[in-house]
Amino acid sequence: MPRPLGERTLRILGAVRDGARYGLDIVERTELPSGTVYPVLGRLRDRGLLESRWEEDEVAAREGRPRRKYHRLTPEGLRVLAEAAERLGHRVPGIAQDAAGAGGTA
Amino acid sequence: MIAPARALVRIASWMVPADERAEWREEWNAELAALARRGAGTGALLGFAAGAGPAALARGPGRWSPGGTLQDLRLGARTLVRAPLFATVAVGTLALGIGANAALFAVVNGVLFRPVPGVEDPESVVQVGRTYPHSPSFDNWSWPVFELFERETEGVFREVAGYSRHGSIVGEGAGAAQVAVQLVTGSYFEVLGVRAARGRLLTAEDVREGSAPVAVVSWSAWTSRYGSDPAVVGRSVRVNGEPHQIVGVAPRGFVGVEKAGTPPTLWLPVSRWAALRGYPSETPFEQWDWSWLAVIARLQPDASTGEAQAVLTSLARARADAMPWYFEDLVPVVATGVGLDPDGRREGRTIAGLLAAVGGVLLLITCANVANLLLARASARRTEMDVRAALGAGRGRLVRQLLAESSILGAAGVLAALPLAWAAELLRPVLFPGEPGLDLAPDGTVLAFAAVVGGLAVLLFGLAPAAAAARRHAVAPGLRETRVSGGGRVRSALVVLQLALCLGLLAGAGSLLRSLWNARTADPGFDAAGLLAVDVHYGHLERYRGESPRQVLERVRAAVAGIPGTAAVTWSGAVPMADFQSSGSVRADPADPGVTADLVVVGPDFFTTTGIPIVRGREPSADDVLADEPLAVVSGSLARLLWPDPGADPLGRSAHGPVEARIVGVADEVRLRGVASAPRPTLYVTHHGGPVAPRQASFLVRARGAPLAVAPAAERAVGSVDPELALVRTLDLRSALVRSLGETRTVGWLVVLLAVLALTLAAVGLFGVLGFNVERRRRELGVRKALGARPREIVGLVLRSGLTLAGAGIALGLVVAWVVSSALGGLLYGVGPGDPAVTAGTAALLLAVAALAAWIPAHRATRADVVASLNEE
């Protein structure tokens, strides 16, 4: 049985669910250092709670910038986060469902 | 500016597996670009990019993460706890190796690095000495030159001070003792930034002409002699018979600026010089050629030692015409820090180098041992490792786990080694017998060093087994190896290396021991066996102030000569080989340039008593000594230097040294300065010339039996002449001989101890390897037994393999031994590198120990259970 997720991992999941799609946004929203966020993103991907995609080339080319990778929760990821929110939501910021935020689909 | 951040990402990306690298980099660079578009500065971009390192590590080999390391450590600790015997042996071995190194470093630290206690900001205090191109040294200065410094060095020195060491008699009657006293200028304590623990310290006021005689007492003297009396300030103390008032106590641990020698008990103002020497008429304060003051100074904040040297050089140049014999060619030396003078530091650095080498060798032997232990254990744990690999632990993970275990062993080894670091301080009386002021206790520096050595040890012993494990599991995780050939060869090689290093250390120890033995039996040119020296001091006694010293000394000599058991008695200004030997210029004619010769003031029967042969003429008699005309005996070499003409007869001629003396005899060459020194031209005179006559002499007694047996009677005889004569030392000259090789003795003891340690470690290592080999060959040995091999043959097999290893170790060790002996160089006496006796002896010792270490495994091999080993498959 996989280890339960730590607080920082949950906050990152929450940030993605609430609309932070790019790594930079997640770093800013959770206020965690990039050195913490990116390894977690990698582990979440490995466990199937998160999926990542490259942007369409045209979108980036139109805006004259390099393409970025964006992340979103898988259904499994949503479920795990919802469970954790029920258990801990009121105690840990960023986990409980944002009243204004919707599900994290692109 | 995004470039530095991108560079950081690029560097970090090398830790990411090759197939993911390009995309990984692209993602990071894209986010950096987004951040830059938002207007972030270089700093913010770098801050973001800093996370690339840990992120890459997490993606990289073995998926490292901080949590993983903790896991590895926990697992490692559990594994070690489950193998207590192995862990104990490994930690114990490491403790010995690391501890020995820590103790050696404690010695080096105490001698070289540790600053003199009580001095404020020691880095800006300097010692000032002078040297000349034709005779390198670090000499003192005369008083008028010191005053010159006081006046004209403000640009580079904030303050200068001077001090001078003296032996003095403190107290009176039966409670009298000879102690070290320092005469200091008024600025001394100010230059050093020392504060009084009680009362006050000396100031410029105390040095003024006509000021009251005062003294500052040291902390240790205050506690031992005055019982920490809170009312010590104001008490009076007699120094050489003169009363002085104690005005303060120096702070705890402050012993002046010199680490070497006896720490001073009292500090007196320089103005007390005359009273101390008991000769009010002649003082050194006006004399340019009387160099007695050691000078220290505190640098101006913006001045360097180079600038100071330049200023002093120009001062010297300006006076070179007026006083060429002092100032011409004078090279001032300004050395940072106090504690040891430049000569002492050089000596200290040599010893430090040697100790570092020995310590390094010992560490290598220790690490070889522990590596062997780990390798042996690794082959035993092969199954466990294979299972782990099969379950998905990558190569990196296994390596990290092994390193974690090694780190735990290393840390435990360092902790266990700490008590050993105290060994240096405990052994100080043996290693440095004449230096009670030296502090070898471990401090923060020593502990830090122990930690660093521990880390180095982990690298040395941990990498080999970890690499071996990595290699094994890289090939085909899960496949079981049927042969352990690789591991066995490495282990044998390690043991051979250990034995070789061991032989090197043993050879070094043997050479040093042989040097000490040679010294004991060496011929210094006079018969040191059976000679007793008794030092008598009377300068502090008022009643002898007016009397000619020789009359007093003759009375004492007659008294001592009267006791049974003495064959001859004489007196001398200094004890050969035990005391500082004075030297000076001697000329055949006052206009000649002088020859440097050793000067000895002697009493009647000096040559008969010491056994120095007179080759021409005669020795001075009692009548000669008591008469007014100074007489002299010259050594053959001095005679030849003064009168090079082959037919010249020195008898009847005059030698101009400290006094003008008529030569009555020629003596053979001797080594007065110690057995390791060369014989020097020597002048023996009956009358002391020079500014002040000492009020002390050493009585040399030739005893019929053991010298120390007549010591009590001799001391009583002195007391019968005058009970208040102070007996300051009684010495058996033979032991002074050995002590003159002080440095050799110190290093010798250390190397012997370490060689024994190394031998033990190597023996244990050999024992381990042979035991392992026996285990490995159990099947083969079982078969042999079944086929009828006798126990003797089995033992012979094992012993042979053990002795082969030892032989290889000895062969390699001979090279190491030669290197070690060459490095010891100047400390050896009568022993060269590759000395056959030492080499043969140590090789034999090593073989014997190897045979012993091989015996138990050999014996166990004969007990190998035939059936069980045949069944093993």
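Would you confirm whether any residue within region B:63-75 is among the hydrophobic types (A, V, I, L, M, F, W, C) and either surrounded by 20 or more Cβ atoms within 10 Å (Cβ to Cβ) or within 11 Å of chain A (Cβ to nearest Cβ) (or both)? Before the answer, list the steps.
Residues of region B:63-75 that are among the hydrophobic types (A, V, I, L, M, F, W, C), as a first pass: B:64, B:70, B:73, B:75.
If we keep only those that are either surrounded by 20 or more Cβ atoms within 10 Å (Cβ to Cβ) or within 11 Å of chain A (Cβ to nearest Cβ) (or both) as well, we get B:64.
Among the residues of region B:63-75, at least one is among the hydrophobic types (A, V, I, L, M, F, W, C) and either surrounded by 20 or more Cβ atoms within 10 Å (Cβ to Cβ) or within 11 Å of chain A (Cβ to nearest Cβ) (or both), which makes the answer yes.
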*Could you please find all residues in region B:213-222 being open to solvent by 20 Å² or more (accessible area, probe 1.4 Å), out of contact with any helix residue (DSSP H, G or I) (no Cβ under 8 Å at 6 or more places or on another chain) and at pLDDT 90 or above?*
B:219
*Collect the residues in region B:530-543 that are modelled with pLDDT of 75 or more and either assigned to a loop (DSSP other than H, G, I, E, B) or more than 36 Å from the chain's Cα centre (by Cα) (or both), keeping them in residue-number order.*
B:530
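Results for (1) in contact with a helix residue (DSSP H, G or I) (Cβ under 7 Å, 6 or more places away or on another chain); (2) among the polar types (S, T, N, Q); (3) open to solvent by less than 50 Å² (accessible area, probe 1.4 Å); (4) at pLDDT 90 or above, shown as yes or no for each residue.
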site	(1), (2), (3), (4)
B:145	no, no, yes, yes
B:160	yes, no, yes, yes
B:187	yes, yes, yes, yes
B:195	no, no, no, yes
B:225	no, no, no, no
B:246	no, no, yes, yes
B:251	yes, no, yes, yes
*Does any residue in region B:547-562 that is closer than 9 Å to residue B:625 by Cβ come within less than 9 Å, Cβ to Cβ, of a residue that is assigned to a helix (DSSP H, G or I) and open to solvent by 50 Å² or more (accessible area, probe 1.4 Å) six or more places away or on a different chain, and which pairs are these?*
B:550/B:626; B:554/B:626
*For residues that are surrounded by fewer than 18 Cβ atoms within 10 Å (Cβ to Cβ) and aromatic (Phe, Trp, Tyr), tally how many sit in region B:785-844.*
1
*Based on what the data block shows, is residue B:623 outside any strand (DSSP E or B), open to solvent by less than 60 Å² (accessible area, probe 1.4 Å), charged (D, E, K, R) and at pLDDT below 90?*
no
*Please work out if residue B:322 is open to solvent by 60 Å² or more (accessible area, probe 1.4 Å) and under 15 Å from residue B:145 (Cα atoms).*
yes
*Do we find that residue B:166 is open to solvent by less than 20 Å² (accessible area, probe 1.4 Å), touching a residue at least 24 places away in the same chain (Cβ under 8 Å) and outside any loop (DSSP other than H, G, I, E, B) in this structure?*
no
*Among the residues of region B:12-56, count how many are more than 26 Å from residue A:59 (Cβ to Cβ), in contact (Cβ under 8 Å) with a residue 40 or more places away in the chain and at the interface with chain A (Cβ under 8 Å from one of its Cβ atoms).*
2
*asked:* Return the residues of region A:21-36 that are buried (at least 23 other Cβ atoms within 10 Å of the Cβ) and either more than 9 Å from every other protein chain (Cβ to nearest Cβ) or not small (Gly, Ala, Ser) (or both); say none if nothing qualifies.
replied: A:26, A:27
*asked:* Can you pull out every residue in region A:59-76 that is more than 23 Å from residue B:12 (Cα to Cα), within 11 Å of chain B (Cβ to nearest Cβ) and hydroxyl-bearing (Ser, Thr, Tyr)?
replied: none
*In region B:254-284, residue farthest from the chain's Cα centre (by Cα) [restricted to those that are at pLDDT 85 or above and assigned to a loop (DSSP other than H, G, I, E, B)]*: B:265
*Name the residues in region B:1-11 that are without any contact (Cβ under 8 Å) to a residue 24 or more places away in the chain and more than 53 Å from the chain's Cα centre (by Cα), would you?*
B:3
*Just a yes or no: is a residue in region B:108-130 open to solvent by 40 Å² or more (accessible area, probe 1.4 Å), within 30 Å of residue B:725 (Cβ to Cβ) and touching a Pro at 6+ places or on another chain (Cβ under 9 Å)?*
no
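Find the residue count for region B:596-620, including only residues that are assigned to a loop (DSSP other than H, G, I, E, B) and open to solvent by 30 Å² or more (accessible area, probe 1.4 Å). Before you say what the answer is, go through the steps one by one.
At the first step, the residues of region B:596-620 found to be assigned to a loop (DSSP other than H, G, I, E, B) are B:603-605, B:611-613, B:618-620.
Right, trim to open to solvent by 30 Å² or more (accessible area, probe 1.4 Å) and you get B:605, B:611, B:613, B:618-619.
Of the residues in region B:596-620, 5 are assigned to a loop (DSSP other than H, G, I, E, B) and open to solvent by 30 Å² or more (accessible area, probe 1.4 Å).
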*Considering only region A:45-58, state which residues are within 12 Å of another protein chain (Cβ to nearest Cβ) and either surrounded by 13 or more Cβ atoms within 10 Å (Cβ to Cβ) or over 12 Å from residue A:69 (Cα atoms) (or both).*
A:45, A:46, A:52, A:54, A:55
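Any residue at all in region A:56-66 that is touching a residue at least 60 places away in the same chain (Cβ under 8 Å) and touching a helix residue (DSSP H, G or I) at 6+ places or on another chain (Cβ under 6 Å)?
no
Would you be able to say whether some residue in region B:227-237 is acidic (Asp, Glu) and crowded, with 16+ Cβ neighbours inside 10 Å?
Of region B:227-237, the ones acidic (Asp, Glu) are B:229.
The next check asks that each one be crowded, with 16+ Cβ neighbours inside 10 Å; those that pass are none.
Checked against the condition, which is being acidic (Asp, Glu) and crowded, with 16+ Cβ neighbours inside 10 Å, region B:227-237 yields no hits at all.
Inside region A:6-20, can you point out the residues that are open to solvent by less than 40 Å² (accessible area, probe 1.4 Å) and assigned to a helix (DSSP H, G or I)? First the steps, then the outcome.
Within region A:6-20, the subset open to solvent by less than 40 Å² (accessible area, probe 1.4 Å) is A:6, A:9-10, A:12-18, A:20.
Of everything in region A:6-20, those that are open to solvent by less than 40 Å² (accessible area, probe 1.4 Å) and assigned to a helix (DSSP H, G or I) turn out to be A:9, A:10, A:12, A:13, A:14, A:15, A:16, A:17.
So which of B:91, B:107 ends up being modelled with pLDDT of 90 or more, more than 11 Å from chain A (Cβ to nearest Cβ) and in a helix (DSSP H, G or I)? Write out each step before concluding.
Details: B:107 fails: modelled with pLDDT of 90 or more.
Exactly one residue qualifies, and that residue is B:91.
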_Which numbered condition residue B:714 misses (of (1) of a type in the set (A, V, I, L, M, F, W, C); (2) modelled with pLDDT under 80; (3) buried (at least 19 other Cβ atoms within 10 Å of the Cβ))_ = (2)
_Options B:31, B:23; residue that is open to solvent by 20 Å² or more (accessible area, probe 1.4 Å), acidic (Asp, Glu) and in a helix (DSSP H, G or I)_ = B:23
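The values are calculated or read from the model by the stated rules, or taken from the named source; none is laboratory data. Fair warning: this is a prediction, and the values are worked out from it, not measured in the lab. We place every Cβ from the backbone using ideal geometry, glycine too, and count neighbours over all the protein chains shown. The protein model used for the area step is the full one, side chains on, heavy atoms only, and it has no ligands, DNA or RNA in it. Shrake-Rupley method; radii C 1.70, N 1.55, O 1.52, S 1.80 Å.
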